[in-house]
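I'd like to ask you about the structure that follows.
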Amino acid sequence: MNNDPTTLTKILSGINNSLNIANKAMPLYKEAKPIFKTITNTYKNIKNNRNDLTNIIKLIKVKNAINNDLNKTKLIETPKLITNNTYSNKNNPTFFI
């Protein structure tokens, strides 16, 4: 075994660095733990209700397609404004000069 004092210093310095990292990581883990729990619960719900969710997604896609078709037909069917040139501003009286 090596009784060199620098070896003990290196070991203690390594332990100190490890503890510093652990002191920083533990509060981060405690703050992020509810987020991980929410993610896992959401994943489980999606996995359990896969058929219902796919049906909902299909319905949303169909609804969007119908809305797009309706918007296209509205653009085509909208009548153009007919302007009537029988009334002009040539001989109209002007108030508030």
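The values are calculated or read from the model by the stated rules, or taken from the named source; none is laboratory data. As the structure is a prediction and not an experimental result, all values here were calculated from the model. Note that we place each Cβ from the backbone using ideal geometry, even for glycine, and neighbour counts take in every protein chain shown.
Determine, yes or no, whether T38 is modelled with pLDDT of 80 or more and either outside any helix (DSSP H, G or I) or out of contact with any Pro (no Cβ under 9 Å at 6 or more places or on another chain) (or both).
yes
Can you tell me which residue is farthest from the chain's Cα centre (by Cα) among those in the stretch 47-69 that are at pLDDT 80 or above and aliphatic (A, V, I, L, M)?
I66
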